Amino acid sequence: MSSPMSLPTPGAPGSHGGAVPGPPPTLLPDDGPEATAAALLRDEVDPADVAAAHPAASLAWSVLATRAYAAGQVVEAYAYARTGYHRGLDALRKAGWRGAGPVPWHHEPNRGFLRSLAVLGRAAAAIGEDDEAERCTQFLSACDPDAADRLAGDLTPGAP
């Protein structure tokens, strides 16, 4: 008799594409605003200019949030990160996300949203919004535990 098998939790890594039902990963489009913002940022265009020209791109807002946080401008970081987070939620919903399921870090267009969520959590903690900080931490882990680990110490100014 074999030992009981441990099954992945729906929505957890490995739960999509197999026998266990769960929402599939949500991947933002490779040719959308995130890609445009990434190209401009690689060309060293000022992130504020990128955000102004492409406000739907979470990546630009996440870079602004990261820089502000690293400079000790916590309220500004919170505002930038919240904007990137909400723009990312809009994009995820447009891509078919229904409020649950993986949003993998390995897919580059998802990184602006995930980074915004991480910085939002840090900035929330810094201004005493402990419940918000905990929600962000849990949400980031639910989206992609690898992203949570990768972003744990990654607040390098300007790093997309």
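The values are calculated or read from the model by the stated rules, or taken from the named source; none is laboratory data. Predicted model, so just to flag it, every value in this text is computed and none were measured. The protein model used for the area step is the full one, side chains on, heavy atoms only, and it has no ligands, DNA or RNA in it. Shrake-Rupley method; radii C 1.70, N 1.55, O 1.52, S 1.80 Å.
Fully extending the segment from ASP90 to ALA52 would add 12.0 nm, taking 0.36 nm per residue of separation and subtracting the current Cα-Cα distance. Using a probe of 1.4 angstrom and keeping all protein chains present, the accessible surface of segment 53-160 works out to 45 square angstrom per residue. Carbon-plus-sulfur fraction of the accessible area of segment 52-137, 1.4 Å probe, in percent? Within segment 52-137, the accessible surface is 49 percent carbon and sulfur.
Length gained on full extension, HIS106 to ALA71: 9.8 nm, using 0.36 nm per residue less the C-alpha separation.
With q set to 0.12, 0.19, 0.22 Å⁻¹, the log10 of I(q)/I(0) for segment 37-149, from the Debye formula over equal scatterers at the Cα positions, is -0.37, -0.93, -1.21.
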